[in-house]
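Student: Below are the structure tokens for one structure; questions will follow.
None of the figures in this text is laboratory data; all of them are computed from the coordinates on show. Note that the structure is a prediction, hence the values are computed from the model and not measured. Every residue, glycine as well, gets a Cβ built from its backbone with ideal geometry; the counts of neighbours run over all protein chains shown.
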């Protein structure tokens, strides 16, 4: 999978993709993340401006349509993309179902908003999916883009050491994951549930299913309603 990210501040995303699972995914050739500076697509040779005042007045600058269009056309000339995604607070809230869907794609473009947002014509004519990471506003779309790429990338076959690990995460089956424990079995008198030490796989799985349902009822009953 290849993911191209268009940003006014691409350096903000260098660290998240240079470590841990995302780094290993790229080293294995399973994921390619390419950061693009929108300033490189500016027609303003002197100042490399990519933003302007909004028509009708109002506070805040807006990312202009031309550098974004030039960047998209540059990428489209090299390959086809299943989706052009815009990270925005008023998009659909990111969930596991969306991540599963996007993990099947071959190539994606992610546009990071900045300042007061992007020219609406980009959204009307180029964007195919708009995603939010929650009902709050950040300084730009760079951190949300990192969240999206991480959530997608870990689902790619071969990225995680245990192929079944991602399938057992919270939200994969519509409920939260059960509690987990590791050694020592007794720490300061706080003991691991006996069932997990029994070696009885069927009973352990039944306990985990029960605990997952109970945790969902207690913490996210809305998931069960859905």
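Student: Please give the helix 65-76 orientation as an angle from the longest Cα principal axis of the chain, in degrees from 0 to 90, rounded to the nearest 10.
Tutor: 60
Student: For the stretch 37-132, what does the alpha-carbon gyration tensor say about shape, rounded, prolate or oblate, given a ≥ b ≥ c as the root eigenvalues, a/c under 1.5 as rounded, and a/b over b/c as prolate?
Tutor: Details: a/c = 2.63, a/b = 1.39, b/c = 1.89.
Here the stretch 37-132 falls in the oblate category.
Student: Build a GNM of the chain with springs between Cα atoms under 10 Å: which of 22, 61, 87 gets the top mean-square fluctuation?
Tutor: The residue with the greatest mean-square fluctuation here is 61.
Student: Just subtract the alpha-carbon distance of residue 190 and residue 116 from 0.36 nm times their residue separation and send over the number in nm, one decimal.
Tutor: 21.6 nm
Student: Another one. FRET efficiency for residue 171 and residue 55, Cβ-Cβ distance as r, R0 = 41 Å, nearest 0.05?
Tutor: Plugging the Cβ-Cβ distance into 1/(1 + (r/R0)^6) gives 0.50.
Student: Hey, another quick one. At residue 34 and residue 101, where each label point lies 7 Å from the Cα along Cα→Cβ, what is the point-to-point distance in nanometres?
Tutor: 2.6
Student: I've got another one for you. Could you work out which residue, out of 49, 154, 121, moves most in a Gaussian network model of the chain, that is, has the largest mean-square fluctuation with Cα springs under 10 Å?
Tutor: Greatest mean-square fluctuation among the candidates belongs to 121.
Student: Let me ask something else. Of the listed values (1) 17.3, 58; (2) 16.7, 48; (3) 21.6, 71, identify the label whose number matches Rg and Dmax of the Cα atoms in Å calculated from this model.
Tutor: Matching the structure shown: (3).
Student: Taking the stretch 170-225 as the region of interest, what is the percent of Cα-Cα pairs per 5 angstrom bin, listed from the shortest bin to the one with the maximum distance?
Tutor: Per 5 Å bin, starting at zero, the Cα-Cα P(r) for the stretch 170-225 comes out as 4, 18, 24, 19, 17, 12, 5, 1 percent.
Student: Give me the angle, in degrees from 0 to 90, between the Cα long axis of helix 201-219 and the longest principal axis of the Cα atoms of the chain, rounded to the nearest 10.
Tutor: 50
Student: A further question follows. Can you compute the FRET efficiency between residue 210 and residue 93 using 1/(1 + (r/R0)^6), with r the Cβ-Cβ distance and R0 = 22 Å? Round to the nearest 0.05.
Tutor: According to the calculation, E is roughly 0.15.
Student: Could you work out the relative contact order of the stretch 2-153? I mean the mean sequence separation of Cα pairs under 8 Å and 6+ apart, divided by the number of residues, in percent.
Tutor: The normalised contact order for the stretch 2-153 reaches 31 percent.
Student: May I pose another question? So how do 217-223, 147-153, 70-76, 53-59 stack up, highest first, on mean other-Cβ count within 10 Å?
Tutor: With the highest mean Cβ count within 10 Å placed first, the list reads 147-153, 70-76, 217-223, 53-59.
Student: Would you mind pulling out the separation of the Cα centroids of the stretch 22-40 and the stretch 49-105, in Å?
Tutor: Here the answer is 17 Å between Cα centres.
Student: By per-residue mean of other Cβ atoms within 10 Å, what is the highest-first order of 176-182, 139-145, 80-86?
Tutor: The most tightly packed comes first, giving 139-145, 80-86, 176-182.
Student: Less than 16 Å from a label point 7 Å out along the Cα-to-Cβ axis of residue 44: which backbone N atoms in the stretch 94-130 qualify, by residue?
Tutor: 114-119
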